[in-house]
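Nothing in this text is a laboratory measurement; each read-out follows from the coordinates by a stated rule. Every value quoted in this text rests on a predicted model; they were computed, and no experiment measured them. Here the Cβ is made from the backbone with ideal geometry for all residues, glycine too, and neighbour counts use every protein chain on show.
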Amino acid sequence: MILSDKAIEESLKNGEIVIEPYRRENLGTNSYDVHLGKFLATYTDRILDARRHNKVDVFEIPPEGVVLQPGTLYLGVTEEYTETHNAVPFLEGKSSVGRLGIDIHATAGKGDVGFCNTWTLEISCVQPVRVYAGMPIGQLIYFRVDGEIENLYNSKANPKYANRTTRPVESMMWKNKF
């Protein structure tokens, strides 16, 4: 079941959902709009290796914005820090962003219950497009969990993306055993 605007607000009041900064005007009928943070990153190597730590170059988006180029994966970050303790958050792109040819996540649209951080965005585009820090970039939709949760993300052993950050985080696939 998707949480309505009233259910999201109730979850915010009782601490089951945290959004910082929270601005009421970003609350939709059944979602909350999130914004592009001030940092982007690109991988330093053109060929990525799933078994090694691939380094990134992080840069700040200038006031005049930055033009994204097709064929490059950009890691962005949401301006908003979020926590969810009773729902599964899904990050989706906004239709206005999609109509500019921007995808904000390649495969990682679902968060885990207990995830407490900003969201790293996997941004790509189909043609050059200028983006700006603070622009609406996506929306969080919350699904209520049915049943008791045994293993919250923030309390499991060695979660890969638990360190609070305001910068995009590169892939930690290399930490997996395979």
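Laid out as a table, the results:
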| read-out | value |
| --- | --- |
| Value of D in µm² per second that Stokes-Einstein yields for the stretch 13-77, Kirkwood Rh from Cα pairs, at 10 °C (1.306 mPa s) | 106 |
| Projected label distance in nm at I47 and E64, using a 7 Å step from Cα toward the beta-carbon | 3.6 |
| Separation of the Y132 and L152 label points, Cα + 7 Å toward Cβ, nm | 3.8 |
| Cα centroid of the stretch 74-96 to Cα centroid of the stretch 1-40, whole Å | 9 |
| Unit charges at the beta carbon, dipole of the stretch 5-167: most positive-side option, N14, N163, F59 | F59 |
| In Hz, Karplus ³J(HN,Hα) per residue of the stretch 97-104 (6.51, -1.76, 1.60; θ = phi - 60°; x = Gly, Pro) | 6, x, 6, 8, x, 9, 9, 9 |
| 24 Å Cα-Cα threshold exceeded, pairs from K38/K94; K156/K177; K6/K160; K110/K175 | K6/K160 |
| Where trypsin sites (Lys or Arg not before Pro) fall in DSSP loop in the stretch 80-110, at most 11 other Cβ within 10 Å | R99 |
| The chain - charge dipole about Cα centre, Lys and Arg +1 at Cβ, Asp and Glu -1, debye rounded to 20 | 520 |
| Stretch in the chain that is longest and holds no GluC sites (Glu not before Pro) that DSSP places in a loop and that have at most 11 other beta carbons within 10 Å | 65-147 |
